[in-house]
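All remarks here apply to the structure that follows.
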Amino acid sequence: MKKLLLTIAFAIAALSQTAYSQCSDRSIKKLTKEGLGTFIFESAAFKPLSAFGNKKSLIEAAFSVYSQEHYRVLSLCQGFSDVVEFNIYDTDRNLIFSNKSDKSVTHYDFIAQKSGDFTIEFRVPSQDVKNPNPCVAFAIGYK
């Protein structure tokens, strides 16, 4: 009986480590390098979904762009039951990209028409809102 309880405790510990490892600096760096391709790394941000509160289904982040620069925004969200929808808005809050119609798209390339702060918005699948394990992450590169 003692062995069984010890085995269960180790299994639970291993599962929780695996769940959070997807939101680790190392895994995000690897995915960023693969996803940016020929773009030069500018920045990345990532947090476990649990860091945003239990009932958050819409998560936003801002990033800066400079006029006439070529950018790639890469969604690196992991561990969700479905692909996370992401939308990108320009400085005037106009929608410039959404992967809503094709969720297999994980990045968006564009040339900024003017400098300013853009917004990326992630729509988390409702069944994942109470699951603390998924990772909300994105990276930005430029040419």
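The values are calculated or read from the model by the stated rules, or taken from the named source; none is laboratory data. Since the structure is predicted, the reported quantities are computational estimates derived from the model, not experimental observations. With ideal geometry, Cβ positions are generated from the backbone for all residues, glycine too; neighbour counts draw on all protein chains shown.
Quick rundown of the values:
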| quantity | calculated |
| --- | --- |
| Enumeration of residues in the stretch 42-60 that are exposed (fewer than 14 other Cβ atoms within 10 Å of the Cβ) and either on the phi > 0 side of the Ramachandran plot or in a strand (DSSP E or B) (or both) | 43, 47, 53, 58, 60 |
| Every residue from the stretch 99-110 that is within 19 Å of residue 36 (Cα to Cα) and either out of contact with any Asp or Glu (no Cβ under 7 Å at 6 or more places or on another chain) or aromatic (Phe, Trp, Tyr) (or both) | 104, 105, 106, 107, 108, 109, 110 |
| Qualifying positions in the stretch 99-121 - over 22 Å from residue 57 (Cβ atoms) and charged (D, E, K, R) | 109, 114, 117 |
| Residue within the stretch 101-118 that is under 11 Å from the mean Cα position of the chain (by Cα), crowded, with 17+ Cβ neighbours inside 10 Å and aliphatic (A, V, I, L, M) present | no |
| Where a residue in the stretch 41-53 is of a type in the set (Ser, Thr, Tyr) and its partner, wherever it lies, is not in a strand (DSSP E or B), with Cβ under 8 Å and at least six apart | 50/132; 50/133 |
| Unique match (being surrounded by 12 or more Cβ atoms within 10 Å (Cβ to Cβ) and modelled with pLDDT under 90) among 136, 129 | 129 |
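Listed here are the residues, each with its yes/no results for (1) in contact (Cβ under 8 Å) with a residue 40 or more places away in the chain; (2) of a type in the set (S, T, N, Q).
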site	(1), (2)
39	yes, no
81	yes, yes
105	no, no
110	yes, no
140	yes, no
